[in-house]
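Participant: Structure below; questions to follow.
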Amino acid sequence: MTDLPLLAGLALVVAAATATVLVRDPGRQAFPLALLGLALGVLFLLLQAPDVALSQLAVGCALTPLMVLLTVRKARRRARPRGRADAAPARLRHEEEDRE
Amino acid sequence: MSRGLRRWVLALGLLGTAVLLVLAARGLPAFGGSAHPYGERAVHAALDRHTANTVAAVTFDQRSFDTLGEESILFGAVLGTVVLLRQTRDENRLPPQPARVSPPVRRYALLALPVTLLVGLYIVAHGQLSPGGGFQGGIVVATALHLLYIAVDYRALERIRPIGLYEAADAAGEAAYVLLGAAGLLAGTAFLANVLPYGTLNTLASGGTVPLFNAAIGVEVACGVVVLLARFLDQAVEIVSTDADADADPDADADSDTDADARSHDAAGEEADT
């Protein structure tokens, strides 16, 4: 019974990690990735490692997802003007995604 | 090297790693038990040197050479980003446009900025006393500065972020760690040795060189992360490839009306984005 919080933390990490892998669009993937960072932080806290939990929280929740989002944005900006006439529908699709 | 041979080499390497891992883990005390041979020795050594946070004592005193390696990894990563994400000859820099921020977001971010900054500096300063330290606090400080981008816009962030200064400070933090380590050599002991007086346990000035190493790492990490994100942000917000524009322009005349429509639509969307 004393292991219950630990098991819950592990389950949370497994769920968040699975969700991160299952989301295929990198732009959206950043959000389950941030959740995974939070879940790992909670797990480290439950394992009585607050120092590591702090690092994990700062890097996994904020830094890595932000870098993923910025990279996706840059890649989309590059892809847009390069598109030829047949790529027009694809460009519109990108726009719709941006609006969401 | 053929494909088959490469696979065998990989399999051999993986097998060797697995065997070594299993052999190494067999001698470990059981998970969740009450016997902590390494922990007990680490706590003893930490209290010996008046460092209340044993983890800080391990990273900045007992194993400070490991930390030098870790710090250098981050330094190398930032250096690589600076070189790889620089503005190339076929790229132009567009000045960032002012952006409209919804008032609740602006209020929240402007309120959170000083609090986050203070928390980050607190974590750096109290590394030898409570969980945290230069690495954790440094990232919090860097994140706090970027709240200005959320609260106002990219131009405001650029104003408080003279990138050359942060690059120099990043290098200075890395150098300070090595020089502090060399102070141990000058004192006649060893590289990275804790040569300062240990002070009173559980006060800010305790732990000898631990707070100083923490401060050096804090400066290095905070400035390194700011530079790292600046390069990514520049690429995502400011830098555009002129090559691609030149390619796309002649198309605009030849293409059908619908595509030209989509293009102008697209350009409008781009402006709204930035």
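Participant: So if I check each of B:Leu192, B:Leu233, B:Leu179, which one is buried (at least 18 other Cβ atoms within 10 Å of the Cβ) and either of a type in the set (D, E, K, R) or in a helix (DSSP H, G or I) (or both)?
Facilitator: Details: B:Leu192 fails: either of a type in the set (D, E, K, R) or in a helix (DSSP H, G or I) (or both); B:Leu179 fails: buried (at least 18 other Cβ atoms within 10 Å of the Cβ).
Just one listed residue meets the conditions, B:Leu233.
Participant: Please indicate, with yes or no, whether at least one residue in segment B:109-128 is within 14 Å of another protein chain (Cβ to nearest Cβ), surrounded by fewer than 18 Cβ atoms within 10 Å (Cβ to Cβ), more than 15 Å from B:Ala222 (Cβ to Cβ) and not hydroxyl-bearing (Ser, Thr, Tyr).
Facilitator: yes
Participant: Right, something else. Residues that are at pLDDT 90 or above, more than 23 Å from B:Gly80 (Cβ to Cβ) and within 13 Å of chain A (Cβ to nearest Cβ): does segment B:231-246 have at least one?
Facilitator: no
Participant: Something else about it: If only one of B:Gly207, B:Gly224 is within 24 Å of A:Asp51 (Cβ to Cβ) and within 13 Å of chain A (Cβ to nearest Cβ), which one is it?
Facilitator: Answer to the check: B:Gly224.
Condition check ((1) within 14 Å of another protein chain (Cβ to nearest Cβ); (2) among the basic types (Lys, Arg); (3) in contact with a Phe, Trp or Tyr (Cβ under 7 Å, 6 or more places away or on another chain); (4) surrounded by 10 or more Cβ atoms within 10 Å (Cβ to Cβ)) across all residues:
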{"position": "B:Met1", "(1), (2), (3), (4)": "no, no, no, no"}
{"position": "B:Trp8", "(1), (2), (3), (4)": "no, no, no, yes"}
{"position": "B:Leu20", "(1), (2), (3), (4)": "no, no, no, yes"}
{"position": "B:Phe31", "(1), (2), (3), (4)": "yes, no, no, no"}
{"position": "B:Ser34", "(1), (2), (3), (4)": "yes, no, no, no"}
{"position": "B:His44", "(1), (2), (3), (4)": "no, no, no, yes"}
{"position": "B:Leu47", "(1), (2), (3), (4)": "no, no, no, yes"}
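Participant: Among the helices (runs of 4 or more DSSP H) confined wholly to segment B:32-144, which include 2 or more residues that are within 24 Å of B:Tyr154 (Cα to Cα)? It would help to see each step written out before you state the result.
Facilitator: On the way: elements: B:37-48, B:54-57, B:64-84, B:103-125.
Correct list: B:64-84, B:103-125.
Participant: Restricting to segment A:7-24, give me the number of residues that are surrounded by 14 or more Cβ atoms within 10 Å (Cβ to Cβ) and of a type in the set (A, V, I, L, M, F, W, C). Can you show your working first?
Facilitator: The first filter runs over segment A:7-24 and keeps only residues surrounded by 14 or more Cβ atoms within 10 Å (Cβ to Cβ), leaving A:9-10, A:12-13, A:15-17, A:19-20, A:23.
So of that shortlist, the ones also of a type in the set (A, V, I, L, M, F, W, C) come out as A:10, A:12-13, A:15-17, A:19, A:23.
Residues flagged as surrounded by 14 or more Cβ atoms within 10 Å (Cβ to Cβ) and of a type in the set (A, V, I, L, M, F, W, C) within segment A:7-24 amount to 8.
Results for (1) over 25 Å from B:Val141 (Cβ atoms); (2) among the acidic types (Asp, Glu); (3) within 14 Å of chain B (Cβ to nearest Cβ), shown as yes or no for each residue.
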residue	(1), (2), (3)
A:Ala8	yes, no, no
A:Leu22	yes, no, no
A:Pro26	yes, no, yes
A:Ala30	no, no, yes
A:Leu47	yes, no, yes
A:Gln56	no, no, yes
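Participant: Taking the stated definitions as given, is B:Leu28 assigned to a helix (DSSP H, G or I) and of a type in the set (A, V, I, L, M, F, W, C)?
Facilitator: On the way: assigned to a helix (DSSP H, G or I): no; of a type in the set (A, V, I, L, M, F, W, C): yes.
No, not satisfied.
The values are calculated or read from the model by the stated rules, or taken from the named source; none is laboratory data. In this text, all values refer to a predicted model and were calculated from it rather than measured experimentally. Neighbour counts are summed over all protein chains in view; Cβ atoms, including those assigned to glycine, are modelled from backbone coordinates with ideal geometry.
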